[in-house]
1. Can you find even one residue in segment A:95-104 that is charged (D, E, K, R) and under 16 Å from the mean Cα position of the chain (by Cα)?
2. Pairs under 6 Å by beta carbon, first residue closer than 17 Å to B:A190 by Cα in segment B:83-99, partner among the basic types (K, R), six or more apart or different chains?
3. Name the residues in segment B:71-121 that are surrounded by fewer than 16 Cβ atoms within 10 Å (Cβ to Cβ), more than 14 Å from chain A (Cβ to nearest Cβ) and of a type in the set (S, T, Y), would you?
4. Tell me yes or no: at least one residue of segment A:138-159 is without any contact (Cβ under 8 Å) to a residue 12 or more places away in the chain, in a helix (DSSP H, G or I) and either closer than 20 Å to A:P111 by Cβ or more than 10 Å from chain B (Cβ to nearest Cβ) (or both).
5. So which of A:T121, A:T47, A:T35 ends up being modelled with pLDDT of 90 or more and touching an Asp or Glu at 6+ places or on another chain (Cβ under 9 Å)?
6. Here are some conditions: (1) surrounded by 19 or more Cβ atoms within 10 Å (Cβ to Cβ); (2) under 22 Å from B:F125 (Cβ atoms). B:A176 meets all but one. Which one does it not meet?
7. Within segment A:105-120, can you find the residues that are over 23 Å from A:V82 (Cβ atoms) and either under 25 Å from the mean Cα position of the chain (by Cα) or surrounded by 15 or more Cβ atoms within 10 Å (Cβ to Cβ) (or both)?
8. For the structure I just gave you, tell me whether A:I75 is crowded, with 19+ Cβ neighbours inside 10 Å, more than 29 Å from B:L91 (Cβ to Cβ) and at pLDDT 90 or above.
Amino acid sequence: MSFKPHIRVENLNVYYGKEQALKNITVNIPDRKITAIIGPSGCGKSTLLKSFNRLLDPVDHVRISGRVFVDQEDIYDSKVDVTRIRKKMGLLSQRPYPLPMSIYDNVAYGPRLHGIRNKKTLNEIVERNLKISSIWNEVKDRLNTPASRLSIGQQQRLCLARGLAVEPEIILGDEPTSALDPKSSQRIEQRFIELKSEYTIVLVTHILRQAKRLADYVLFMYLGELVEHGSAEEIFSNPKQEMTKEYIGGTFS
Amino acid sequence: MDLRKTEEKIFKGIMICSTCCILAILLIILITILVKGLPAMRWSMITQVPKGGFYLGREGGILNAILGSLVLAGGATLMTCMISLPIVLYLNVYVRKRTWITQITRFSLDVLWGIPSIVYGAFGFTLMLYLGLRASLLGGLIAMCFLILPIMSRAMDEVVKMMPAELLEASYALGATQFETALKVVARQALPGILTAVLIAFGRGIGDAASVIFTAGFTDHIPTSLFRPVATLPLAIFFQLGTPFPEVQERAYASALILTAIIFIVCIVSRLLTRRFTRNVIR
């Protein structure tokens, strides 16, 4: 499968203290496709995802070598402005973490940081992104109430809106549906499918069926190594590695 | 099976007893100062300065000490906030990782917490001599600051440390800097805890006698200048209890009652005020 890469990872090694969490990863993430990173717990899926927007930096005793390019720019270059890199990516974590402020302020938080002060513009941004995340109808009458009062499923969609409001190019999801009920998960998945025409989406998931439903491209990881990667079709119907076969076949998880 | 049930009962009983102890201690103290202090309570206690000297005076009130304590403890709390908040935000937002600098800072604060307040008083006094200051409001502020700084910092540190890393990540992921995250997310989320820390420090400061005895001095006048001595409630109580006259000793309990009432009011008012700001906190 040939494609235009959006994120390029070259010889990436990550150590937590003495333990090596990622072993010499080299892979390209396709532009405007859904890429799923699958593998058993503790295989380094989340670490790889977090390396894309430098969220590993604040972790205890972490050491990173190798390079990650986003839009041809080495994001681990010492001259790079980290906030600008992170602005390019929206992040959805396992559990939604709304910021301690109102629903409106949650979405307006990013745009405000990046200098948008105009009330009308902000209103538009908030409304548009809440609509894209399909939560607008549920919250339009209570935009000034605390975000913490929403249900978990609503909070996750709010977090999606909040991420989209800074106009990223990439959406990173770290098992974004794992804390949600099936209905809420389905809504989030539906959003991803709609959004992939405009965004590069990278999902970490331990739910194989979810990867099958959503992914165009799949990375299979095991114990910090990238075992196999390729189009979803290839990986799911005709994996080359024995280990991938076993994982997908459900022999181990 | 029965044994386990008895065990359960015994331990539950012990826990309830311990909890009751706390309530009983507070209740007994309150009853003591109420019974002994109320007869001496007069309107003039809180509206006038002492007549005939604070040590022997049976007339007038302790307005000098009330105002002095409020200015001193309030000022010291404010000054300490300005030092504590940056420490705590630095340790928990900027450094965050467990490094030698965070470990040493926390250890130092723990040690400082344990130093008796009279030592801070003596240290403050030495410092004042060096700076050429006399017993004054400024001297008292500095000494009290030393005293409550470790208390406030460590109490704040414990709450801010509990902040989930994901909340910070959420803010960073939107392109926020550490400063923006500290100010807009961390400070907001931790506000109830920060307030508790401030209150604990204020309570400790306003109730302390030893740190101010050399540094702030005592006076019959209400505080007007940073460079003049200032009276404080704990010292007023101390002096009044030390007199040979039962009437003046009774006034000591009234003073204690006033001091307790002040702490009580400050706690309630600040709790009510922050309730308005904490409705957004994520639980």
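1. Yes, because at least one residue in segment A:95-104 is charged (D, E, K, R) and under 16 Å from the mean Cα position of the chain (by Cα).
2. Cβ pairs passing all conditions: B:N92/B:K161.
3. B:S108
4. No; the residues of segment A:138-159 include none that is without any contact (Cβ under 8 Å) to a residue 12 or more places away in the chain, in a helix (DSSP H, G or I) and either closer than 20 Å to A:P111 by Cβ or more than 10 Å from chain B (Cβ to nearest Cβ) (or both).
5. After applying the criteria, what remains is A:T35.
6. Only one criterion is unmet by B:A176, namely (2).
7. A:D105
8. No; evaluated as a whole, the condition is false for this residue.
The values are calculated or read from the model by the stated rules, or taken from the named source; none is laboratory data. Since the structure is predicted, the reported quantities are computational estimates derived from the model, not experimental observations. All Cβ positions, glycine included, derive from the backbone under ideal geometry; neighbour counts span all protein chains shown.
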